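K.L.:
Here you go, one structure.
Read-outs throughout are calculated quantities, based only on the coordinates presented, and are distinct from any laboratory measurement. It should be emphasised that the depicted structure is a prediction, and the values quoted were computed from it without experimental measurement. Don't worry about glycine lacking a Cβ; one is built from the backbone with ideal geometry, like all the others, and counts go over all protein chains shown.
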Amino acid sequence: MKRFALLAALALASLGTLSGCGLHPLYAGGGSGAVATTLTRVEVGPIEGKAGWLMTNALNDRLQASGTPLYRLEVKLEDKIIGLGVRRDDSVSRERRRLRARYQLVDLSKGTVLLDATAGSDAGIDVVNSEYATIAAENTALERLSDIVADQIVARVALYAQRTAASAP
């Protein structure tokens, strides 16, 4: 019982130090906050290929664009599948699918690039005897990677929006 009381007292004492740690909620103000309203004013430029179609949909789902766009997100993707493991008969047993994105946030009124960054992720794929199953696994990996990379992009754009809102007069 004494141990529990000691732990509770330590926990309460440490709560007072959290306010000074410099962490602030990214989406302060909810849907009407600076970050959320900035994200709804971002349009996604066209992205080529199947990976581009998946990425466009993933970004649009997260940004929920509405109103007249103030910014455009231009994304260039690099999608590669690389064979890793080799069987005795020299056939590939394992693959890595890599999706990398270079993206720029462009201010539509000035035409200037506000943010230039990269994002990416990898996924491992087992190559099985069924070619259909392997292709299905590659497609599923691409869908997941598109979601992961889209999350990274939106998080970075949101962080940029928070920093510019904080520095605005």
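K.L.:
Averaging sequence separations of C-alpha pairs under 8 Å and six or more residues apart, then dividing by the length of the range 32-167, give the relative contact order as a whole percent.
P.N.:
25
K.L.:
A follow-up question, please. Going by how many other Cβ atoms sit within 10 Å of their own, how do Tyr132, Tyr71 line up, fewest first?
P.N.:
Least crowded to most crowded, the residues run Tyr132, Tyr71.
K.L.:
What percentages, rounded to whole numbers, describe P(r) for the range 81-169 computed over all alpha carbon pairs with 5 Å bin width beginning at zero?
P.N.:
3, 13, 17, 16, 12, 10, 9, 7, 6, 4, 2, 1, 0, 0
K.L.:
Also, I was wondering about something else. Provide the gained length on full extension for the span Thr112 to Ile135, in nm with one decimal, where the gain is 0.36 nm per separating residue minus the Cα-Cα distance.
P.N.:
4.2 nm
K.L.:
Let me ask something else about it. Please list, ordered by chain and number, the residues whose modelled amide H lies under 5 Å from the amide H of Leu108; skip anything fewer than 5 residues away on the same chain.
P.N.:
Under 5 Å from the amide H of Leu108: Tyr71, Arg72.
K.L.:
Round to the nearest 0.05 the FRET efficiency obtained for Glu78 and Ala165 when R0 = 30 Å and r is the Cβ-Cβ distance.
P.N.:
It comes to 0.40.
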